[in-house]
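Okay, so here's the structure we're looking at.
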Amino acid sequence: MTNNVRGYLQLHPFHLVGPSPWPIFTSFSLMDLALSLGLTAHGYIANNLYILLSIICVLYSMTLWFKDIIAESTYLGDHTIAVKRGLNQGFLLFVVSEILIFASLFWAYLHSALNPTMDLGMSWPPVGIDVISPAELPLLNTIILLASGVTITYAHHALINGNRTNTLYGFIYSTLLIALFVVFQFLEYRYAGFTITDGVYGSTFYSLTGLHGLHMIMLTIMLIVCTWRVYNYDFTNTSHVGAETTILYLHVLDVIWLFIYIIVYWWGS
């Protein structure tokens with residue numbers, strides 16, 4: 001009887017996760033992706049097949065890991081208020097790290113833009129670079145992102161007020177807008193007049209916009225998952241940590257894109 005009582009009584013509000021294979025599986029998948037990227041970039045691998053396989057492994061491991069987390073929070077009731085607070089704090093620290101990464105890339109861009117050297121023709125953009133007009137696709141993408149901020153805020157307020165239908169519509173519209181942004185970003189890269197190998201301008205431009213584009217792809221996946229969870233009645237007006245973190249992520253990426261548009265596309269052109 002004593003052992004049974006000890007097995008069911010918990011003297012702290014935290015969730016002690018059981019043995020799981022996904023952390024180490026995800027770690028090896030990420031290591032495989034990093035090695036594939038590095039070896040392909042330096043010419044040791046002749047095609048992109050290994051990068052594609054590595055990405056599939058990472059997405060597969062993340063899917064299974066997040067499936068367990070969703071089951072623990074929604075169906076098993078393991079995520080107490082303390083656990084939710086910890087998840088929010090952890091995601092905030094992740095956002096801070098992302099902001100610092102982009103700050104370092106802005107620093108690299110402005111370091112060359114504010115004091116162009118002889119190699120760049122003493123001008124910025126460098127001589128011979130056919131820059132992308134800020135009044136074309138970049139402006140359209142900016143409008144799309146601002147619109148997604150409106151629709152996701154609409155979804156957030158509807159979720160807080162317990163309006164499932166409007167929440168679902170808000171997440172669907174936001175998902176479509178972010179996916180459209182990614183498509184237009186691809187078209188911009190497809191028809192750009194310079195590449196990442198065109199000096200410091202090309203490397204800093206594609207590093208900034210490419211890293212942001214990668215995050216937008218991640219955000220699209222997060223929004224798809226949240227839309228499915230809203231449809232599946234997983235969120236309530238008092239318990240929706242996954243939706244809150246996704247909404248915060250979208251707003252942060254919106255603000256970062258505004259800095260990219262103003263500094264890189266408008267001022268930098």
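The values are calculated or read from the model by the stated rules, or taken from the named source; none is laboratory data. Predicted model only: the values in this text are computed from it and were never measured. Neighbour counts run over all protein chains shown; Cβ positions are idealised from the backbone, glycine included.
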Would you please name the residue that is nearest to the chain's Cα centre (by Cα), looking only at residues in region 150-167 that are in contact (Cβ under 8 Å) with a residue 40 or more places away in the chain and crowded, with 18+ Cβ neighbours inside 10 Å?
152
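Just to be sure before I move on: is residue 174 crowded, with 17+ Cβ neighbours inside 10 Å, among the small types (Gly, Ala, Ser), closer than 30 Å to residue 197 by Cβ and in contact (Cβ under 8 Å) with a residue 24 or more places away in the chain in the structure I sent?
No.
Any residue at all in region 205-213 that's hydroxyl-bearing (Ser, Thr, Tyr), closer than 21 Å to residue 71 by Cα and assigned by TED's automatic domain parsing to the domain that holds residue 184? Before you say what the answer is, go through the steps one by one.
We begin by selecting, within region 205-213, every residue hydroxyl-bearing (Ser, Thr, Tyr); these are 206-207, 209.
Those still in the list that are closer than 21 Å to residue 71 by Cα too: none.
No, there is no match, as no residue in region 205-213 is hydroxyl-bearing (Ser, Thr, Tyr), closer than 21 Å to residue 71 by Cα and assigned by TED's automatic domain parsing to the domain that holds residue 184.
Which of the following residues is in the same structural domain as residue 100 (by TED's automatic domain parsing), farther than 22 Å from residue 92 by Cβ and part of a helix (DSSP H, G or I): 249, 189?
189
Being touching a helix residue (DSSP H, G or I) at 6+ places or on another chain (Cβ under 6 Å) and surrounded by fewer than 18 Cβ atoms within 10 Å (Cβ to Cβ) is the filter; apply it to region 106-136 and report the residue that is farthest from residue 186 (Cα to Cα).
First pass over region 106-136, keeping only residues touching a helix residue (DSSP H, G or I) at 6+ places or on another chain (Cβ under 6 Å): 108-109, 112, 124-126, 129, 134.
Then drop every residue that is not surrounded by fewer than 18 Cβ atoms within 10 Å (Cβ to Cβ), which leaves 108, 134.
On the way: 108: 23, 134: 16 Å.
Filtering region 106-136 for residues that are touching a helix residue (DSSP H, G or I) at 6+ places or on another chain (Cβ under 6 Å) and surrounded by fewer than 18 Cβ atoms within 10 Å (Cβ to Cβ), the one farthest from residue 186 (Cα to Cα) comes out as 108.
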Looking only at region 168-187, count how many residues are under 16 Å from residue 150 (Cβ atoms), among the aliphatic types (A, V, I, L, M) and over 17 Å from the mean Cα position of the chain (by Cα).
1
Return the pairs, sorted by first residue and then second, in which the second residue is in a helix (DSSP H, G or I) and of a type in the set (Asp, Glu), the first residue lies in region 114-142 and is assigned by TED's automatic domain parsing to the domain that holds residue 206, the beta carbons are less than 7 Å apart, and the residues are 6+ apart or on different chains.
132/188; 137/188
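For every residue, the table says whether it meets (1) in contact (Cβ under 8 Å) with a residue 12 or more places away in the chain; (2) assigned to a helix (DSSP H, G or I); (3) among the hydrophobic types (A, V, I, L, M, F, W, C); (4) surrounded by fewer than 18 Cβ atoms within 10 Å (Cβ to Cβ).
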{"position": "183", "(1), (2), (3), (4)": "no, yes, yes, yes"}
{"position": "195", "(1), (2), (3), (4)": "no, no, no, yes"}
{"position": "217", "(1), (2), (3), (4)": "yes, yes, yes, yes"}
{"position": "233", "(1), (2), (3), (4)": "yes, no, no, yes"}
